[in-house]
1. Given the criteria in contact with a Gly (Cβ under 7 Å, 6 or more places away or on another chain), in contact (Cβ under 8 Å) with a residue 12 or more places away in the chain and open to solvent by 10 Å² or more (accessible area, probe 1.4 Å), does Gly204 qualify?
2. Would you mind finding the one in Val94, Val116 that is among the β-branched types (Val, Ile, Thr), touching a residue at least 40 places away in the same chain (Cβ under 8 Å), within 29 Å of Asp129 (Cα to Cα) and in contact with a Pro (Cβ under 7 Å, 6 or more places away or on another chain)?
3. Is it the case that Leu80 is touching a Leu at 6+ places or on another chain (Cβ under 9 Å) and buried (at least 21 other Cβ atoms within 10 Å of the Cβ)?
4. On the given criteria, is Gly67 assigned to a loop (DSSP other than H, G, I, E, B) and touching a strand residue (DSSP E or B) at 6+ places or on another chain (Cβ under 8 Å)?
5. I'd like to verify a number: residues in the stretch 15-53 that are in contact with a strand residue (DSSP E or B) (Cβ under 7 Å, 6 or more places away or on another chain) and either part of a loop (DSSP other than H, G, I, E, B) or open to solvent by less than 10 Å² (accessible area, probe 1.4 Å) (or both), how many?
6. Just the residues that are part of a loop (DSSP other than H, G, I, E, B) and more than 17 Å from Leu144 (Cα to Cα), please, taken from the stretch 77-99.
7. Which of the numbered conditions does Arg159 fail, given that it passes all the others? Conditions: (1) open to solvent by 10 Å² or more (accessible area, probe 1.4 Å); (2) within 19 Å of Val63 (Cβ to Cβ).
8. Check the stretch 177-190 and report whether any residue there is surrounded by fewer than 21 Cβ atoms within 10 Å (Cβ to Cβ) and either polar (S, T, N, Q) or touching a Cys at 6+ places or on another chain (Cβ under 8 Å) (or both).
Amino acid sequence: MVFDFAFHPTLDIIATGLITGHINCVKYSPGAGNNETAWSIRPTKKSCRGLAFSNDGAGLFTVFKDGAIRALDVNTGDVLIKKSDAHDNPINTVRLLTETTLATGDDSGVIKLWDVRTGTETMQYTEHDDFISDFDYDTDSKTLVASSGQGTISIYDIRKPKMLAMSANQDDELMSICIVKDRRKVVVGSQEGVLNIYSWGDWGDCTDRFIGHPNSIDTICKIDEDTVATGSSDGIIRIIDILPNKFQGIVGEHEDFPIERIKLSHDKTFLASCSHDDTVRFWDVRYLTSEREDEDDDSDEAKDASGDKDSSDDDDDDDEKPGKNGDGGMDVDSDDSDAPKKNNSRRPKKQAPTASNPGFFDDL
C-alpha cells in the first residue's frame, strides 16, 4: 500500500512511500508500459509515511513510523543522512516550508521545525494531544496551519516559539487542510465528511461548512484559489468550488478503496492519487487548469476594457453567502450546531509535502 507520494518540482518524476518501508522513484510518461523505475530502496522495515523533494529536486526527504528522518539522493536513492531520533513517536506528516525549514508532525501531536542547513531543531510545538494529520503554509506571512486528530487546527508564525491561535474543538477528527482564496480562507476536511471553512485571522470557529461527502475527507489538493480537489475514504475524487460552495464533478475513483493522497504534478497536467488498492493513478486535469486560466484572462481583459477595479468588500460579501446545492447530494450548511458530531478512534492518515536540500543534517 502506498501511504504517500511526492512530485519532483521540475521533472516528470514521482517518488512513493510504501507501508513496507520501500521508497520507489519512477519516471512517468503517458501510455501503457512507458513508466521507468529509476530506483527502489528499503532503508527500514517501518512504513514510510511522508516524502518531500528539495526545491532543486536533488534531494528527497522521507519520514517513517520509527520517528526517523532520512535524506536521499534523488539520482541514486542512496541514504545521505539519517536522523534516527527526530521524534519520539511515529512521524505522520512532513512539509518543506522554506528552502531552509522543514516541518514534521507526529502521532502524539508534536510539531517540529528543522533547519536543513545544520540539521538542528529550531522550534517545537506541543499544543496538540493527538496526531498531526496535515500541514499547509503561507509564504508571505510565514504562517503554518496544521490540522489534528483532536479536532482542532493550530496556527503558527514559524519565526516565533509560541502558537498564535487554536480553533475550537469540532468534536471530529480533522484530516486535511488547505489555504485558499488568496489567504482569506482555510478549508479543512473532517472524518465526518464535512468541509469546515475558516476565515483567516478568525480562528475561533469555522465560518461556513460544506456538507455532502459521505465519508471522511482524508486529503485536499488546491487546483486554484477558488477550487479544490478532495479525496475521500469512499474512493472518489471530487472537484469543489469554494465560496460560493458548489460540487463541480468527479475526476475519478479508486473503486471502494480509501484515497490516501492527491497531488498536482509540477506542470499541472496530472492529478495523481494513491489508495489502498496499491496503485498510484494519474488523471489528466488540463481541462480544469486551462479553463481557469482562460476565465482569468477573460476577466482581466474585461476589467481593462471597462476600467473597473476589484473590490475587496464585494469579495468578502460573496464569501459569506451560502453556496448552492450541487449534484451528487452535496449540500451547504452554515449552522455549525446542526452538524452531526462524533469522536472516532480512527488513527491517522498519511500525508505529503514539498521540498528541501540534500545537505539536510550535514553537521550531524
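1. On the way: in contact with a Gly (Cβ under 7 Å, 6 or more places away or on another chain): no; in contact (Cβ under 8 Å) with a residue 12 or more places away in the chain: yes; open to solvent by 10 Å² or more (accessible area, probe 1.4 Å): yes.
No.
2. Details: Val116 fails: in contact with a Pro (Cβ under 7 Å, 6 or more places away or on another chain).
After applying the criteria, what remains is Val94.
3. Values: touching a Leu at 6+ places or on another chain (Cβ under 9 Å): yes; buried (at least 21 other Cβ atoms within 10 Å of the Cβ): no.
Considered against the rule, which asks whether it is touching a Leu at 6+ places or on another chain (Cβ under 9 Å) and buried (at least 21 other Cβ atoms within 10 Å of the Cβ), Leu80 comes out as no.
4. Working: assigned to a loop (DSSP other than H, G, I, E, B): yes; touching a strand residue (DSSP E or B) at 6+ places or on another chain (Cβ under 8 Å): yes.
In short, yes.
5. Within the stretch 15-53, the subset in contact with a strand residue (DSSP E or B) (Cβ under 7 Å, 6 or more places away or on another chain) is 15-19, 21-28, 35-41, 43-44, 46-53.
After this cut, where a residue has to be either part of a loop (DSSP other than H, G, I, E, B) or open to solvent by less than 10 Å² (accessible area, probe 1.4 Å) (or both) as well, the list is 15, 17, 19, 21-23, 25, 28, 35, 43-44, 46-48, 50-53.
Result for the stretch 15-53: 18.
6. So in the stretch 77-99, the residues part of a loop (DSSP other than H, G, I, E, B) come out as 77-78, 84-90, 97-99.
Within the stretch 77-99, Gly77, Asp78, Ser84, Asp85, Ala86, His87, Asp88, Asn89, Pro90 meet the criteria.
7. Looking at each condition in turn, Arg159 falls short on (2).
8. The answer is no, given that none of the residues of the stretch 177-190 is surrounded by fewer than 21 Cβ atoms within 10 Å (Cβ to Cβ) and either polar (S, T, N, Q) or touching a Cys at 6+ places or on another chain (Cβ under 8 Å) (or both).
The values are calculated or read from the model by the stated rules, or taken from the named source; none is laboratory data. The model shown is predicted, which means the values in this text are computed figures rather than measured ones. Neighbour counts are summed over all protein chains in view; Cβ atoms, including those assigned to glycine, are modelled from backbone coordinates with ideal geometry. We work out accessible area using only protein heavy atoms, side chains counted, and drop any ligands, DNA or RNA first. Shrake-Rupley method; radii C 1.70, N 1.55, O 1.52, S 1.80 Å.
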